[in-house]
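Structure first, then comments.
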Protein chains: 2
Amino acid sequence: MRLEHIHFKFIGKHTFARIMHHSHSLIPTSGDPMAFEAFWRKLGDKCTIVISGSDLMSYLSDMGNVCWFLVPELAEAINNLHHVVDNAVSDGRHIVIGTGSTQLYQAALYALSSPGGPEPISVVSAAPYYSQYPAETDYLRSGLYKWDGDANTFDKNNGAYIEVVNSPNNPDGTIREAVLAKVNRSAEGKLIHDLAYYWPQYTPITGAADHDIMLFTLSKCTGHAGSRIGWALVKDTEVARKMTRFIELGSIGVSKESQLRAAKILGIVSDDYPNFFEYGRRLMSERWNMLRQVIRQSGVFGLPEYPLEYCNFTGKFTNSHPGFAWLESKEDEDCEKLLRAERIMARGGRRFGADAKYARVSMLSREEIFNIFLERLSAIQGGSISNGKHLGS
Amino acid sequence: MRLEHIHFKFIGKHTFARIMHHSHSLIPTSGDPMAFEAFWRKLGDKCTIVISGSDLMSYLSDMGNVCWFLVPELAEAINNLHHVVDNAVSDGRHIVIGTGSTQLYQAALYALSSPGGPEPISVVSAAPYYSQYPAETDYLRSGLYKWDGDANTFDKNNGAYIEVVNSPNNPDGTIREAVLAKVNRSAEGKLIHDLAYYWPQYTPITGAADHDIMLFTLSKCTGHAGSRIGWALVKDTEVARKMTRFIELGSIGVSKESQLRAAKILGIVSDDYPNFFEYGRRLMSERWNMLRQVIRQSGVFGLPEYPLEYCNFTGKFTNSHPGFAWLESKEDEDCEKLLRAERIMARGGRRFGADAKYARVSMLSREEIFNIFLERLSAIQGGSISNGKHLGS
């Protein structure tokens, strides 16, 4: 069985054929979260913002707040959203805003390690870990912190450390807990929880997370990656103050236009409850069903299975439908290479501290791209690779 | 002679008295560039931008550009503006966009020092230097670069260095050239030109600057500090690529909302030529005249004098009217303390690598704040300090 019927359902035969005709190049599936664009387009003017020439000129936003550059409307919208979804405790927490959660990850490292000692503190995360953590930790060769790889193989006797817990985990979608602090929480261990994907479209919401530092980002929550808005919920005032200081020194705050727009977008997500997340959940569920069907048919790849859990938000038992698929090649030693031969760009397992037989592909691309990805993937058959020439024939 | 007549000219007696009544606190003069807000307000809808919910969602902007997250409309607006003002050569240069020029300063340090050697490269700037350079250079204790103070006292035999040339200089408004490369340009010396204030409202435009790395920022050009938009004009492709990589690792790009708005704002500045800069020049000139009058009358302070030069942009001979006043206390050893006693918040000379008898105050504050600053400054008299109670009496 071929996949044409699936494509046609979404974009029609002629459109699809035209796209394929023009795309001899690699299909990038590297994480640009365009899947939800159609939802926002349908809203029309409801989510439009208007900014006049004299608005938002000052550096300052709220001098009474630890995070003095945080626009109050955004702080309120973030709080409301966490109340609606109940995925994290935000009451009594400091909100620190960042240029994406990327800047906040580094702000958290700074806050937990400065002023620093004679040796940089070790930063670890359980493999497979987000492929950007190593580079984001080490590119400035900081004397405060250094990347130390897989948390599972880290020797706690080495002293102080920061463990990054990414849950649901990028790349493999698993629900994570701290590895090093599991049995006996060490006084020397500090935690950063990267909860970018802990939203109802990706995973069952099983409770309100309540950790010292929790990172979120608009990119993954609503798909607005171009706005570069992330936020951290922070328990300790001194940590929040240091994170704020980091962002002050790095960029003197965060775009107010983006903050204002994020406030509008998150406000609509909360007010229009549960429409956006329902839309996202259905879309992700459909895509995962299609992917699993292709995978079953080809027999070449493996995919993680996720447990059925009760989601407090939807009131239903549901699986995870992560933003990335973590493909395991059953026959080939190099999954990235195998995919590339069929013009699918993926990120190989080694980048995530894992084996090369794994590779990560995005489940959040635009519909046309996702369909081409499925089509090309379906052309990879056990033993030999078909040349995809059946298309259009 | 008191200053009441100046205040009244701008805001009226009652408004001023009400403000003074409510402001027992310190007047901050630390650099929020609100002086031009009135200009933008007068434009009404002409500079308004409208962004719908589905706009600007992708991380990507222009994959054909080295700086792949730079919005093409902004690149065009920046180029046009430099053509109109002719303050810098932009043709054939790469434009790298940043979250303020603060992020670009660090991107430039990274580009000029990575992958790095056994020792961090020295970063220097002639004193008095911008007070944030030391902290922005050292807060992460990078192994790539380290702050090494005043360029005038740096020993070139120490090897490789990066000299930051800030012209017109913050805090003292002087026109600067590289100190270390003056006679014989060392192959080991690299330059960053921070030209944030090289615009016609502040200083005569005497030629199109043409250096390896030139930094500009919307904050000082048009007053839109809240947008956090800076740009670099970069000669070398590899340097531009590394700067882009730094911003990718630090924040995966720059707010698209801010970029789009900056494109609109800079477009109006170019199209409406020379209205904005004329407005700014007159305003700065008036403020400097008032400040010099107060300074002359009090006899307590000194101020730098600036040479009359021909400005290519206005076609007139004009002085500099810098964004900051660099006050020298003639009688007191601690200028910051002297000002603080009269409830004026200033940044003391030590922070700039200079003597404590100097202090920096902003010339770009909102009109009400600037007027209160002048009023309080005029209360500081040689030998003794009046208590300012004459106000309202």
> What tally of residues in segment A:88-101 results from selecting those that are outside any strand (DSSP E or B) and either farther than 21 Å from A:Leu233 by Cβ or open to solvent by 10 Å² or more (accessible area, probe 1.4 Å) (or both)?
Replying inline: 5
> Under the condition of being more than 14 Å from chain B (Cβ to nearest Cβ) and acidic (Asp, Glu), which residue from segment A:122-168 is nearest to B:Leu144 (Cα to Cα)?
Replying inline: A:Asp148
> In segment A:326-346, how many residues are touching a residue at least 60 places away in the same chain (Cβ under 8 Å) and small (Gly, Ala, Ser)?
Replying inline: 1
> Just to be sure, is B:Leu104 buried (at least 20 other Cβ atoms within 10 Å of the Cβ) and facing chain A (nearest Cβ under 10 Å)?
Replying inline: yes
>> Just to verify a result, which residue in segment B:241-261, among those that are at the interface with chain A (Cβ under 7 Å from one of its Cβ atoms) and of a type in the set (A, V, I, L, M, F, W, C), is surrounded by the fewest Cβ atoms within 10 Å (Cβ to Cβ)?
In response: B:Leu249
> For segment A:199-216, how many residues meet the condition of being in contact with a helix residue (DSSP H, G or I) (Cβ under 9 Å, 6 or more places away or on another chain) and open to solvent by 10 Å² or more (accessible area, probe 1.4 Å)?
Replying inline: 2
>> Quick check on my filter: what residues within segment A:324-344 are part of a helix (DSSP H, G or I) and open to solvent by 10 Å² or more (accessible area, probe 1.4 Å)?
In response: A:Glu336, A:Lys337, A:Leu338, A:Arg340, A:Ala341
> A:Ser90 passes all but one of (1) facing chain B (nearest Cβ under 10 Å); (2) polar (S, T, N, Q); (3) touching a helix residue (DSSP H, G or I) at 6+ places or on another chain (Cβ under 6 Å); which number fails?
Replying inline: (1)
> Among the residues of segment B:276-314, which ones are in a helix (DSSP H, G or I) and under 26 Å from B:Lys46 (Cα atoms)?
Replying inline: B:Phe276, B:Phe277, B:Glu278, B:Tyr279, B:Gly280, B:Arg281, B:Arg282, B:Leu283, B:Met284
> If A:Ala225 satisfies every condition in (1) touching a residue at least 60 places away in the same chain (Cβ under 8 Å); (2) farther than 20 Å from B:Ile51 by Cα; (3) of a type outside the set (D, E, K, R) but one, which is the exception?
Replying inline: (2)
> Going by the structure shown, is B:Gly64 more than 11 Å from chain A (Cβ to nearest Cβ), outside any helix (DSSP H, G or I) and small (Gly, Ala, Ser)?
Replying inline: yes
>> Against the conditions (1) within 26 Å of the chain's Cα centre (by Cα); (2) crowded, with 17+ Cβ neighbours inside 10 Å; (3) modelled with pLDDT of 95 or more; (4) not in a helix (DSSP H, G or I), where does A:Ser54 fall short? Just the number, please.
In response: (1)
>> Out of everything in segment A:151-195 that is acidic (Asp, Glu) and modelled with pLDDT under 95, what residue ends up being most open to solvent (accessible area, probe 1.4 Å)?
In response: A:Glu188
> Since B:Val66 meets every condition but one in (1) open to solvent by less than 40 Å² (accessible area, probe 1.4 Å); (2) assigned by TED's automatic domain parsing to the domain that holds B:Asp210, which condition does it not meet?
Replying inline: (2)
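Residues checked against (1) within 27 Å of B:Trp199 (Cα to Cα); (2) of a type in the set (A, V, I, L, M, F, W, C); (3) in contact with a Leu (Cβ under 6 Å, 6 or more places away or on another chain); (4) in the same structural domain as B:Pro171 (by TED's automatic domain parsing):
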{"site": "B:Thr318", "(1), (2), (3), (4)": "yes, no, no, no"}
{"site": "B:His321", "(1), (2), (3), (4)": "yes, no, no, no"}
{"site": "B:Glu331", "(1), (2), (3), (4)": "no, no, no, no"}
{"site": "B:Ile344", "(1), (2), (3), (4)": "no, yes, no, no"}
{"site": "B:Ala356", "(1), (2), (3), (4)": "no, yes, no, no"}
{"site": "B:Val361", "(1), (2), (3), (4)": "yes, yes, no, no"}
{"site": "B:Glu367", "(1), (2), (3), (4)": "yes, no, no, no"}
{"site": "B:Ile372", "(1), (2), (3), (4)": "yes, yes, no, no"}
> What about A:Asp32, is it more than 30 Å from A:Leu377 (Cβ to Cβ), open to solvent by 10 Å² or more (accessible area, probe 1.4 Å) and not aliphatic (A, V, I, L, M)?
Replying inline: no
> Which number in (1) assigned to a loop (DSSP other than H, G, I, E, B); (2) open to solvent by 60 Å² or more (accessible area, probe 1.4 Å); (3) at pLDDT 95 or above marks the one condition that B:Arg41 misses?
Replying inline: (1)
> Can you name every residue in segment B:223-240 that is within 14 Å of chain A (Cβ to nearest Cβ), outside any strand (DSSP E or B) and in contact with a strand residue (DSSP E or B) (Cβ under 9 Å, 6 or more places away or on another chain)?
Replying inline: B:Ala225, B:Arg228
>> Suppose we keep only residues that are open to solvent by less than 10 Å² (accessible area, probe 1.4 Å) and touching a residue at least 60 places away in the same chain (Cβ under 8 Å) within segment B:347-359. Which one would you say is farthest from the chain's Cα centre (by Cα)?
In response: B:Gly349
> Which residues, counting only those in segment B:241-259, are touching a helix residue (DSSP H, G or I) at 6+ places or on another chain (Cβ under 6 Å) and in a loop (DSSP other than H, G, I, E, B)?
Replying inline: B:Ile252, B:Ser255
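The values are calculated or read from the model by the stated rules, or taken from the named source; none is laboratory data. Owing to the predicted nature of the structure, the values given are computational and were not obtained by experimental measurement. Methodologically, a virtual Cβ is constructed for each residue, glycine included, from the backbone with ideal geometry; neighbour enumeration extends over all protein chains shown. Each accessible area value is taken on the protein alone, full model and side chains, heavy atoms only, with ligands, DNA and RNA left out. Shrake-Rupley method; radii C 1.70, N 1.55, O 1.52, S 1.80 Å.
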